[in-house]
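The next block holds one structure in the form of structure tokens; read it before the comments.
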Protein chains: 2
Amino acid sequence: MTDRIRDFLRVRRDLGQDEGPVMVLDLDVVRDNYTAFARALPDTRVFYAVKANPAPEVLSLLAEMGSCFDTASVAEIEMALAAGATADRVSYGNTIKKERDVVRALKLGIRLFAVDCEAEADKIARAAREAGVATGAVQVFCRILCDGAGADWPLSRKFGCVPEMAVDVLEHAHVQGLHAYGVSFHVGSQQANTEAWDGALASAAMIFRECGLRGIGLSMVNLGGGFPTQYLKAVPGVESYGDAIFRALTKHFGNRIPETIIEPGRGMVGNAGMIEAEVVLVSRKSADADEVRWVYLDIGKFGGLAETMDESIRYRIRTAHDEDRMSPCVIAGPTCDSVDVLYEKQHYPLPVSLSIGDKVLIEGAGAYTTTYAAVAFNGFPPLRQIVI
Amino acid sequence: MTDRIRDFLRVRRDLGQDEGPVMVLDLDVVRDNYTAFARALPDTRVFYAVKANPAPEVLSLLAEMGSCFDTASVAEIEMALAAGATADRVSYGNTIKKERDVVRALKLGIRLFAVDCEAEADKIARAAREAGVATGAVQVFCRILCDGAGADWPLSRKFGCVPEMAVDVLEHAHVQGLHAYGVSFHVGSQQANTEAWDGALASAAMIFRECGLRGIGLSMVNLGGGFPTQYLKAVPGVESYGDAIFRALTKHFGNRIPETIIEPGRGMVGNAGMIEAEVVLVSRKSADADEVRWVYLDIGKFGGLAETMDESIRYRIRTAHDEDRMSPCVIAGPTCDSVDVLYEKQHYPLPVSLSIGDKVLIEGAGAYTTTYAAVAFNGFPPLRQIVI
């Protein structure tokens, strides 16, 4: 919670414009976060993960500060370019791309692509020929699987291949004439363990060596994202991550440390945004006063809080009554969908005096909220964002 | 799959307009479904659950055929009215409503409201006074909890109270001057057990008796939705549900059978819609040929297939190669989000010849897809719908 957000919400309320949930994002926090990343990892290029929050104001600020951009689609590439980034500062980091989208990206000037299998490298080589771009000017990095232990937001095996296969994929890309550039991985979103990069960097170093034996000189390691924002639990600062990553790089690459990239998303914008929502109903399921209270907000899983899925992300929720006695609650959203429940397995303590009509503030909501919101589920509009 | 949808997709492809996933909905199927409900439960009013698919064409067709509408928000009420329904044919069926939304609904002429606690009844009584509507003209029904055994889409305890409490809630509404009208419940979405209504109807009859003893004459039972559409598993026909419900009504209410309402959503539009999507990538995670294939589509959890959450709804997926040998696959969506995986715990058999660029048809996709889609996650646009 920043003073700027507090002041903004006060004015908005005084003006009577506080209808429906809103996410307010403070650009000053984003600025501080970018600076912290740049300081903690001074030799690493920062590629902001646009998917975390593609607000034009965020992209423009970061473009101005010198950030690069990790994008998931042609639409995101276009947003980054529109915000002032040059094409050489944009990566097409999705390992799942339609060939015609690769052509579009190449025509927009993008030269850096993620792959995790030979078929994807083939697409890029064909697309380069179609777009009239020299394959040798197109850099590809291969994503490897990573176990994600220590992360709060579940990782799956969706992206990446085993490290041994990455060597073949990169060689295949090389044979296709592409520039086999390096390796990427992701240690899992909201990663609380600063040492999580160590194992993946060991694999990356192995891939560098094996590719070297095949005459392919890799030069880049994409360290991915995973940098946390603070929800309920305290998390280490960015500098701890920087230190641990630098130690692991030195350990596995000796004095031949490669170029590096990081892709913070949540860590760049998570703590910059706060949702103001309203209590729509407080009730119990039986007349028994010991029964847990149900608190229904005007925002839920389909309105922007999708990351409460399986109760993975546990947001800090503030009310005007936080000095009062607390009691455990179930928290649910406003839709007629029974899965639209935020916290039920692990009850959430809220003040006993919390009432219908009260405002609540959901902190750390700057990432993965606005664009996750359903387009019109149950007739509710998607989450609005106001950037200040 | 209907001939009309097949012809439409063929023409669209010939015209080169098949970019991105699309849901095609055949109104003829909706017409048949409405007729089947009306025949199977001839003395029951049909309130279509607008949230399942609020396409204006669907609402207009159903309004014309005589359907009533169950709505979750003021926006949905406005859609139903715009489609030609009169206000007396619209229910505000969400138990979680802002008081100012109740005022809006009353001003639009709505007189039928769901509640599941005293606080919600209080809101409605206050709103009626604010809107200048006689409280006695406002009908409320109390939703009770129901265990949902036999349903594929998880029910939670989010809506409803225990039956004993419902008696108090209805008495409270009555004391507030509202018309305590009846009881509602929901047996769980995609309910395969035609007998699932029996237990809830026993509770409803008990509530009718208890309210009667307190001088309150209830007259309506809202039987909710839950009527399935066919996905992979065969499901009973609507007439079986009609028979079982009529038997249970007779069993519990004798010859004093109340007015009844049903709220089909999925059962009305599910089998009317089909998504055409594209295979973006087929890959393996290691060079081992025994490794399961990953098939990535251009639609996933955030693009409209949210009901694959926990692999609850298992869609039938057709390809042009279904005569070929099948092998188990993981199916995932196109976003850079690792939870955007559709079927992984239970692999999905797809033809070994399925290739990048192939189209696939996802059947039974008319309900809970378009409006569930995220507004712009990863830069991907929400699912388009074409009604034919």
### Query
Among the residues of the stretch B:124-138, is any part of a helix (DSSP H, G or I), at pLDDT 95 or above, among the small types (Gly, Ala, Ser) and open to solvent by 30 Å² or more (accessible area, probe 1.4 Å)?
yes
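Condition check ((1) assigned by TED's automatic domain parsing to the domain that holds A:Ala367; (2) closer than 23 Å to A:Ala128 by Cβ; (3) at pLDDT 95 or above) across all residues:
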position	(1), (2), (3)
A:Glu171	no, yes, yes
A:Ala192	no, no, no
A:Ala205	no, no, yes
A:Cys211	no, yes, yes
A:Gly217	no, yes, yes
A:Met220	no, yes, yes
A:Leu232	no, no, no
#### Entry: Candidates B:Arg318, B:Arg314 - the one that is in contact (Cβ under 8 Å) with a residue 60 or more places away in the chain, open to solvent by 20 Å² or more (accessible area, probe 1.4 Å) and within 23 Å of A:Val341 (Cβ to Cβ)
B:Arg314
### Task
Would you mind stating whether A:Ser355 is touching a residue at least 60 places away in the same chain (Cβ under 8 Å) and within 11 Å of chain B (Cβ to nearest Cβ)?
yes
## Note on the structure
When A:Glu344 is run through (1) charged (D, E, K, R); (2) in contact (Cβ under 8 Å) with a residue 40 or more places away in the chain; (3) within 8 Å of chain B (Cβ to nearest Cβ), the failure sits at (2)
## Note on the structure
the stretch B:236-336: strands (runs of 3 or more DSSP E) wholly inside it with 2 or more residues that are more than 14 Å from chain A (Cβ to nearest Cβ) are B:259-262, B:273-283, B:326-332
### Task
Tell me, yes or no, whether the stretch A:281-300 has at least one residue that is among the polar types (S, T, N, Q) and either in contact (Cβ under 8 Å) with a residue 24 or more places away in the chain or open to solvent by 40 Å² or more (accessible area, probe 1.4 Å) (or both).
no
#### Entry: Scope the stretch A:173-212; condition within 14 Å of chain B (Cβ to nearest Cβ), closer than 16 Å to A:Asp116 by Cβ and polar (S, T, N, Q); matching residues
A:Ser184, A:Ser203
### Query
Here is a list of conditions, (1) more than 24 Å from the chain's Cα centre (by Cα); (2) crowded, with 17+ Cβ neighbours inside 10 Å, and A:Val175 meets all of them except one; can you say which number that is?
(2)
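Where in the stretch B:20-108 are there helices (runs of 4 or more DSSP H), lying fully within it, with 3 or more residues that are touching a residue at least 40 places away in the same chain (Cβ under 8 Å), within 14 Å of chain A (Cβ to nearest Cβ) and within 24 Å of B:Ile124 (Cα to Cα)? Please lay out each step first, then the result.
On the way: elements: B:27-40, B:56-65, B:74-82, B:99-107.
Counting at least 3 such residues, we get no helices (runs of 4 or more DSSP H) at all.
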#### Entry: Residue list for the stretch B:358-374, filter: within 10 Å of B:Glu276 (Cβ to Cβ) and under 16 Å from the mean Cα position of the chain (by Cα)
B:Ala365
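Report the residue count in the stretch B:354-380 for those that are part of a loop (DSSP other than H, G, I, E, B) and closer than 20 Å to B:Phe8 by Cβ.
Taking the stretch B:354-380 and keeping what is part of a loop (DSSP other than H, G, I, E, B), we get B:354-358, B:363-373, B:375-376, B:380.
Subset that is closer than 20 Å to B:Phe8 by Cβ: B:358, B:363-367, B:369-370.
Of the residues in the stretch B:354-380, 8 are part of a loop (DSSP other than H, G, I, E, B) and closer than 20 Å to B:Phe8 by Cβ.
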### Task
State whether the residues of the stretch B:197-215 include one that is open to solvent by 40 Å² or more (accessible area, probe 1.4 Å), part of a loop (DSSP other than H, G, I, E, B) and either touching a Lys or Arg at 6+ places or on another chain (Cβ under 7 Å) or acidic (Asp, Glu) (or both).
no
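Say whether the condition of being farther than 22 Å from B:Ser338 by Cβ and modelled with pLDDT of 95 or more is met by at least one residue in the stretch A:368-375. Write out each step before concluding.
Just the residues of the stretch A:368-375 that are farther than 22 Å from B:Ser338 by Cβ, to begin with: A:375.
In the following step, the residues that additionally are modelled with pLDDT of 95 or more were identified as none.
The answer is no, given that none of the residues of the stretch A:368-375 is farther than 22 Å from B:Ser338 by Cβ and modelled with pLDDT of 95 or more.
The values are calculated or read from the model by the stated rules, or taken from the named source; none is laboratory data. What you see is a predicted model, and the numbers here were worked out from it, not measured in a lab. Heads up, the Cβs are rebuilt from the backbone with ideal geometry, glycines too, and the neighbour counts pull from every protein chain shown. The protein model used for the area step is the full one, side chains on, heavy atoms only, and it has no ligands, DNA or RNA in it. Shrake-Rupley method; radii C 1.70, N 1.55, O 1.52, S 1.80 Å.
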